[in-house]
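Written below as structure tokens is the structure these notes are about.
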Amino acid sequence: MIIIFTLPFIWIVWSLMDVKSGKREKAEWKKPMLLLLVLILLSGIANFYFYQTYNLSIFPNVHDLTIGLIVTGSIVLILTLINLFVSFLHRGMPKEVHNPNAMWAFTGTLGFVFLLLFAWILPFSEKANYVLNIEAAMSEIEASAQEEEMTVLFLESTKDCLSDCTDYQYDNIFFVKNNLDKEKEVQVKIRALNEDNEELKVIDSLVMKIGPNELRVVETEETIEKTSVWSKYSFKTDERTVYYESMFRFRDPE
């Protein structure tokens, strides 16, 4: 998703390089911006579908937005201070050496890109992955035809990183489904195992309220409560979880 949404900006940078090398007179702006608007429109339609079908909010919650704003604001502030310092230090220098206006344009564009990344692109991609997980869980439940009151499912064990993931732990996502026609309070115990069937962790979930036939992520003390639902994981392990054992207990809500 990041690569797809950055294509319009790569297009603009490429055209600016052509202008600088003399291959063209003006930079291309309209077509890349049109492509960006089309991508936002298509993702907006998908976001509306997620909202209608899975009750997932269009935008991330305040916690996630605040993190995005802090990161974006920090980057913009650093670049602004650098531009002001260099402009003061090299007053009267030719634009070939330092062009403050070009730096302001770069800072504003980079701030917009990071804001779009945190407020729209990452939440959209995480929501799409979350929906795929839900669909996979529902398909597995239907295929298993279990008659237990609750069904515990293991979806994935992955590292939340793009590169240099050595120091990252694995995020383990488990779902639990209430197969009853009444709301219940449920607690799940999970024993995570690696590919050699060696125990990685035994952990109890929080006591969770689950509506009739509802499917939701198993939340533990390691789950970040404030983050958006599509970003939640159940717990972390140092190695990838391959197998698991689970137990559950439930009661009527107090």
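The values are calculated or read from the model by the stated rules, or taken from the named source; none is laboratory data. Since the model is a prediction, treat every value here as computed from it, not as a measurement. Every residue, glycine among them, receives a Cβ derived from its backbone with ideal geometry; neighbour counts consider all protein chains shown. Please note that ligands, DNA and RNA were not included when accessible areas were found on the heavy atoms of the full protein model with its side chains. Shrake-Rupley method; radii C 1.70, N 1.55, O 1.52, S 1.80 Å.
Where the alpha-carbon atoms of region 140-254 are placed on the principal axes, they occupy 46, 33, 23 Å, in descending order. In this structure the amide hydrogen of Leu200, modeled in the peptide plane, comes within under 5 Å of the amide hydrogens of Ala192, Leu193, Asn194, none closer than 5 places in sequence on its chain.
At a probe radius of 1.4 angstrom, the accessible area of region 128-204 per residue rounds to 56 square angstrom.
Note on Thr158 and Leu41: with the Förster distance fixed at 30 Å, the Cβ-Cβ geometry gives a FRET efficiency of about 0.50. Only helical runs count toward this figure. For the chain, summing -39,500 (n - 2.57) over DSSP H runs of n ≥ 4 and dividing by all residues gives -15500 deg cm²/dmol at 222 nm.
When the listed pairs Lys184/Lys232; Lys182/Lys226; Lys159/Lys201; Lys184/Lys226; Lys189/Lys209; Lys159/Lys184 are checked against a 25 Å cut-off, the alpha-carbon distance exceeds it for Lys182/Lys226; Lys159/Lys184. Shape analysis of region 67-142 based on the Cα gyration tensor places the equivalent ellipsoid semi-axes at 44, 11, 6 Å, largest first. Summing Lys and Arg as +1 and Asp and Glu as -1 over all other residues whose Cβ lies under 11 Å from the Cβ of Phe250 gives a net charge of 0.
Taking every Cα-Cα distance in region 103-177 and sorting them into 5 Å bins starting at zero, the pair-distance distribution P(r) comes out as 3, 12, 15, 16, 15, 13, 9, 7, 4, 3, 2, 1, 0 percent.
On a per residue basis, region 12-123 carries 70 Å² of accessible surface, using protein heavy atoms and a 1.4 Å probe.
When the Cα positions of Ile75, Tyr51, Phe9 are compared along the charge dipole of region 1-86, Phe9 comes out farthest toward the positive end, with charges on each C-beta of Lys, Arg, Asp and Glu.
For region 6-139, the carbon plus sulfur part of the accessible surface works out to 73%, probe radius 1.4 Å. Taking a quarter of the surface of the Cα convex hull of region 204-254 gives a mean projected area of 4.9 nm². The phi-based Karplus calculation (6.51 cos²θ - 1.76 cosθ + 1.60; θ = phi - 60°) puts the 3J(HN,Hα) values of region 11-19 at 4, 5, 4, 4, 5, 5, 5, 5, 5 Hz, whole numbers, x for Gly and Pro. Measuring nothing but alpha carbons in region 139-196 and taking Rh as the Kirkwood radius, the Rg to Rh ratio lands at 1.08.
Heavy-atom surface analysis with a 1.4 Å probe gives region 141-241 a carbon and sulfur content of 39 percent of its accessible area. What angle, in degrees between 0 and 90 and rounded to the nearest 10, separates the Cα long axis of helix 62-89 from the longest principal axis of the Cα atoms of the chain? Computed tilt is about 20 degrees.
What the Kirkwood sum gives for the chain is a hydrodynamic radius of 21.7 Å, with every pair of different alpha carbons counted.
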